[in-house]
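Read the structure below first, then the notes.
The values are calculated or read from the model by the stated rules, or taken from the named source; none is laboratory data. Note that this is a predicted model, so its numbers are computed, not measured. Neighbour counts run over all protein chains shown; Cβ positions are idealised from the backbone, glycine included. The protein model used for the area step is the full one, side chains on, heavy atoms only, and it has no ligands, DNA or RNA in it. Shrake-Rupley method; radii C 1.70, N 1.55, O 1.52, S 1.80 Å.
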Amino acid sequence: MANKLISQMGLPPSIANVFAARNIMTAKDALSLPEFELMTLLDMGLDQVKSAVERISEIICPPYQTALSLMEDRVRLGGHLPTLLRGLDDALCGGIPFGALTELVGPSGIGKTQFCLKLSLLAALPFCYGGLNGRVVYIDTEYKFSSHRMVEIGKNSFPQIFQSEGMAQQMAGRIIVVRMSSLPEFMERLQQLKFTLIQHDVKLLIVDSMAALVSGVNDTSTAGPKQHLLRWPLSFLKSLAEFSRIPVVVTNQVRSQNTDEAFHYPFQVQEKDSSKNFERLESHLIAALGIQWAHAVTIRLIFEAHSGVWWVGERGAVEILLACKGGHVQHNP
Amino acid sequence: MLSEEQMQKRITTGCDDLDTILGGGIHCKEVTEVGGVPGIGKTQLGIQLAVNVQIPVEYGGLGGKAVYIDTEGSFMVERAYQVAEGCIMDTLDKFGHHRKVILDCQEQMQPNSFLANIFYFRICSYTEQIAVINYLQKFLAEQKDVKIIIIDSVTFHFRQDFDDLALRTRVLCGMSLKLMELTKTYNLAVVLLNQVTTKFTEGSFQLTLALGDSWSHACTNRVILYWNGNERHAYIDKSPSLRSASAPFSVTSKGIRNATSQCKRVRMM
């Protein structure tokens, strides 16, 4: 949209020519300059500049929808991948949302990969069993994917479905596992991914784990340099999610907090008591990948072990308690 | 002017303490910036305000409509439905004994009607953001009832693609002036949600709102949402008329409400 040519906008020819003469070819060029500067650059009166900018803005501005029509679209085209964990599905208004980036965060060993395997199955299952009847692209950066484990989970969670031998094969066949271990490789393959998604009717994209891609790149433990690298993959993943209307699930690791980690605003009173500081350091794990990544993620599911019980929290809503029994996650009333 | 200011209705946030430090709620004719770390509740507050602005006049609200400009795709429409339901339920509870009022507004007090009054724009670049703000002038002239514009989040696109930082400051200033004009011309509130970043000051890293220095003078009021231990708090960081104060609040399944003693916080940032 931003790169739309001014020459194609139907402005009065005299105005359009002046823009072209000063090398302002796209809407982005025109709107990046404050009106006063445009006036000087084009040597046009303020009124003319204003009306040209108005016209350009109106054309570039994306169409609006009422929230009601957004809702109706979601109901019509489907909006969620149910996890079949009642408390979680309730809190997420139906399940993992389509068109958004959902992050799974937690210490290693807590079961993020297990959860991803379960979600893959759920997306692959036929409609009659509550699935999305589609393919799954599973990007495995830590070489943790195990088809054997996945079939095991399938047999545990859906015994009646997986009784028939052919079913396990068929479901496994729907999950496309892509292995990569470096960020540059990831960025390169992301482009191709767009075509794969359309061609193969992919209904779910999983990146397990995002943090592993980045941790190899920098030696320093600060989040600063890493964020910069993730900017493009992040916005690409988001746009993939939105335009294909599929859920995108990404796993993230935690790292321990550095002493010079910022968690205060200037107006907050600094804790002088060092023992209190220690307690806070101990109890606060920071999700890797930094604050800019965290801002961009829509839903964050936090896995936390609390004396044998999983505690899954979602941004902006209530926490739900889940129970873990041998890798089979179920709701704990 | 004084009597005019006193007659200005405020948009309630759903939390009494938060309303109090805001002088009754979000003010029309003013630009309020709300910043905070991810997960603190900025989008939740944005959605809450888009719903609360619609509370009918008979129930003490503004009976207005909302424009929600989403730059990051954080708007969850199912959540908006939940929040609308919660608001309607609590409003009707509060006014339970006024039977006549309830009957008159019956049609308006449905979650779907509330959703129909939120105009949603999804923008994907700073060019589109500038375009939509320019376009609002025409839009608002046609849609007379809009009483709040929420931009979530205002600096996101400006933090990544701009090469010329001085130009960026000038563009942001121009944008904020336009927004100020809109508040005065159409007597509505503008709420800008903003991200945080870290800044090295006084020998340590501290949290600060994104693009703070180039943008900070552009809004009337600035509110920071932050974690105080396990509770969510809001702090008035800057305001010409409000005292610096902080208030606790919570995010519940119904939306933004008063803080409860059972506030749970996942021990991860």
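Filter the stretch B:117-137 for residues that are under 18 Å from the mean Cα position of the chain (by Cα), under 22 Å from B:Leu211 (Cα atoms) and crowded, with 21+ Cβ neighbours inside 10 Å and give the result. Let's see the steps before the verdict.
The initial filter retains those residues of the stretch B:117-137 that are under 18 Å from the mean Cα position of the chain (by Cα), namely B:117-123, B:129, B:132-133, B:136.
This time we only want the ones that are under 22 Å from B:Leu211 (Cα atoms), so: B:122-123, B:129, B:132-133.
Across the stretch B:117-137, the qualifying residues are B:Ile123, B:Gln129, B:Val132, B:Ile133.
Would you please name the residue that is most open to solvent (accessible area, probe 1.4 Å), looking only at residues in the stretch B:138-167 that are within 17 Å of B:Glu33 (Cβ to Cβ) and not in a strand (DSSP E or B)? Spell out the reasoning first.
Keep residues of the stretch B:138-167 that are within 17 Å of B:Glu33 (Cβ to Cβ), which gives B:148-159.
Narrowing further to those that are not in a strand (DSSP E or B): B:153-159.
Details: B:Ser153: 1, B:Val154: 0, B:Thr155: 0, B:Phe156: 26, B:His157: 10, B:Phe158: 0, B:Arg159: 47 Å².
By that ranking, first place goes to B:Arg159.
Matching residues to (1) under 25 Å from B:Leu188 (Cβ atoms); (2) open to solvent by 30 Å² or more (accessible area, probe 1.4 Å); (3) modelled with pLDDT of 90 or more; (4) assigned to a loop (DSSP other than H, G, I, E, B):
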| position | (1), (2), (3), (4) |
| --- | --- |
| B:His217 | yes, yes, no, no |
| B:Arg222 | yes, no, yes, no |
| B:Ile236 | yes, no, yes, no |
| B:Pro240 | yes, yes, no, yes |
| B:Arg243 | yes, yes, no, yes |
| B:Arg257 | yes, yes, yes, no |
| B:Ser261 | no, yes, no, yes |
| B:Arg265 | no, no, no, yes |
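Residue-by-condition table, conditions (1) in contact with a His (Cβ under 9 Å, 6 or more places away or on another chain); (2) at pLDDT below 90; (3) within 13 Å of chain B (Cβ to nearest Cβ); (4) open to solvent by 20 Å² or more (accessible area, probe 1.4 Å):
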position: A:Cys93; (1), (2), (3), (4): yes, yes, yes, yes
position: A:Glu103; (1), (2), (3), (4): no, yes, yes, no
position: A:Pro107; (1), (2), (3), (4): no, yes, yes, yes
position: A:Gln114; (1), (2), (3), (4): yes, yes, no, yes
position: A:Leu117; (1), (2), (3), (4): no, no, no, no
position: A:Ala123; (1), (2), (3), (4): no, no, no, no
position: A:Pro126; (1), (2), (3), (4): no, yes, no, yes
position: A:Tyr129; (1), (2), (3), (4): no, yes, no, yes
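Helices (runs of 4 or more DSSP H) wholly in the stretch A:1-88 with at least 3 residues that are among the hydroxyl-bearing types (Ser, Thr, Tyr) and in contact with a Pro (Cβ under 6 Å, 6 or more places away or on another chain) - which ones?
Working: elements: A:13-21, A:27-31, A:35-42, A:46-60, A:67-77.
Answer list for the stretch A:1-88: none.
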- If you go through the stretch B:60-74 one residue at a time, do you hit one that is touching a residue at least 12 places away in the same chain (Cβ under 8 Å), within 7 Å of chain A (Cβ to nearest Cβ) and open to solvent by 20 Å² or more (accessible area, probe 1.4 Å)? yes
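Check whether at least one residue in the stretch A:160-170 is under 25 Å from A:Met210 (Cβ atoms) and touching a Phe, Trp or Tyr at 6+ places or on another chain (Cβ under 8 Å), and report yes or no. Reasoning before the result, please.
Start the filter on the stretch A:160-170 by keeping residues that are under 25 Å from A:Met210 (Cβ atoms), which leaves none.
Checked against the condition, which is being under 25 Å from A:Met210 (Cβ atoms) and touching a Phe, Trp or Tyr at 6+ places or on another chain (Cβ under 8 Å), the stretch A:160-170 yields no hits at all.
Please determine, by comparing only the residues of the stretch A:20-61 that are among the aliphatic types (A, V, I, L, M) and in contact with a strand residue (DSSP E or B) (Cβ under 9 Å, 6 or more places away or on another chain), which one is nearest to the other protein chains (Cβ to nearest Cβ). Before the answer, list the steps.
Start the filter on the stretch A:20-61 by keeping residues that are among the aliphatic types (A, V, I, L, M), which leaves A:20-21, A:24-25, A:27, A:30-31, A:33, A:38-39, A:41-42, A:44, A:46, A:49, A:52-53, A:56, A:59-60.
Filter once more, so that each one left must be in contact with a strand residue (DSSP E or B) (Cβ under 9 Å, 6 or more places away or on another chain): A:25, A:27.
Numbers: A:Met25: 13, A:Ala27: 6 Å.
Within the stretch A:20-61, the match that is nearest to the other protein chains (Cβ to nearest Cβ) is A:Ala27.
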- Item | Filter result (of a type in the set (D, E, K, R) and either buried (at least 18 other Cβ atoms within 10 Å of the Cβ) or over 26 Å from the mean Cα position of the chain (by Cα) (or both)) within the stretch A:35-90 | A:Glu35, A:Glu37, A:Asp43, A:Asp47, A:Lys50, A:Glu54, A:Arg55, A:Glu58, A:Arg74, A:Asp89
- Message: Quick test of your reading of the structure: B:Ala166 fulfils all but one of (1) among the aliphatic types (A, V, I, L, M); (2) touching a Cys at 6+ places or on another chain (Cβ under 9 Å); (3) under 30 Å from A:Phe236 (Cα atoms). Name the failing condition by number.
- Response: (2)
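Give the stretch A:1-34 a look and list any residue that's among the hydroxyl-bearing types (Ser, Thr, Tyr) and open to solvent by less than 70 Å² (accessible area, probe 1.4 Å), or say none.
Within the stretch A:1-34, the subset among the hydroxyl-bearing types (Ser, Thr, Tyr) is A:7, A:14, A:26, A:32.
Correct list: A:Thr26, A:Ser32.
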- In the stretch B:179-191, is there at least one residue being more than 9 Å from chain A (Cβ to nearest Cβ), polar (S, T, N, Q) and surrounded by fewer than 20 Cβ atoms within 10 Å (Cβ to Cβ)? yes
- Here are some conditions: (1) within 22 Å of B:Thr32 (Cα to Cα); (2) out of contact with any strand residue (DSSP E or B) (no Cβ under 6 Å at 6 or more places or on another chain); (3) within 10 Å of chain A (Cβ to nearest Cβ). B:Tyr120 meets all but one. Which one does it not meet? (2)
- Task: Only residues that are at pLDDT 90 or above and out of contact with any Phe, Trp or Tyr (no Cβ under 8 Å at 6 or more places or on another chain): list them for the stretch B:82-107, please.
- Result: B:Gln82, B:Val83, B:Glu85, B:Gly86, B:Met89, B:Asp90
- Item | Qualifying positions in the stretch B:15-51 - in a helix (DSSP H, G or I) and more than 14 Å from chain A (Cβ to nearest Cβ) | B:Asp16, B:Asp17, B:Leu18, B:Asp19, B:Thr20
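Yes/no matrix, rows are residues, columns are (1) at pLDDT below 90; (2) outside any helix (DSSP H, G or I); (3) in contact with a Phe, Trp or Tyr (Cβ under 7 Å, 6 or more places away or on another chain):
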| site | (1), (2), (3) |
| --- | --- |
| B:Glu72 | yes, yes, yes |
| B:Met109 | yes, yes, no |
| B:Phe119 | no, yes, yes |
| B:Ile130 | no, no, no |
- Message: Would you confirm, using the coordinates I've provided, whether B:Thr201 is at pLDDT 90 or above, surrounded by fewer than 19 Cβ atoms within 10 Å (Cβ to Cβ), of a type in the set (Val, Ile, Thr) and farther than 28 Å from B:Cys87 by Cα?
- Response: no
- Scanning the stretch A:238-256 for residues that are buried (at least 22 other Cβ atoms within 10 Å of the Cβ) and under 13 Å from A:Ser209 (Cβ atoms), which turns out modelled with the lowest pLDDT? A:Asn252
- Test set (1) among the aromatic types (Phe, Trp, Tyr); (2) touching a residue at least 40 places away in the same chain (Cβ under 8 Å); (3) within 10 Å of another protein chain (Cβ to nearest Cβ) - B:Phe162 fails condition number: (2)
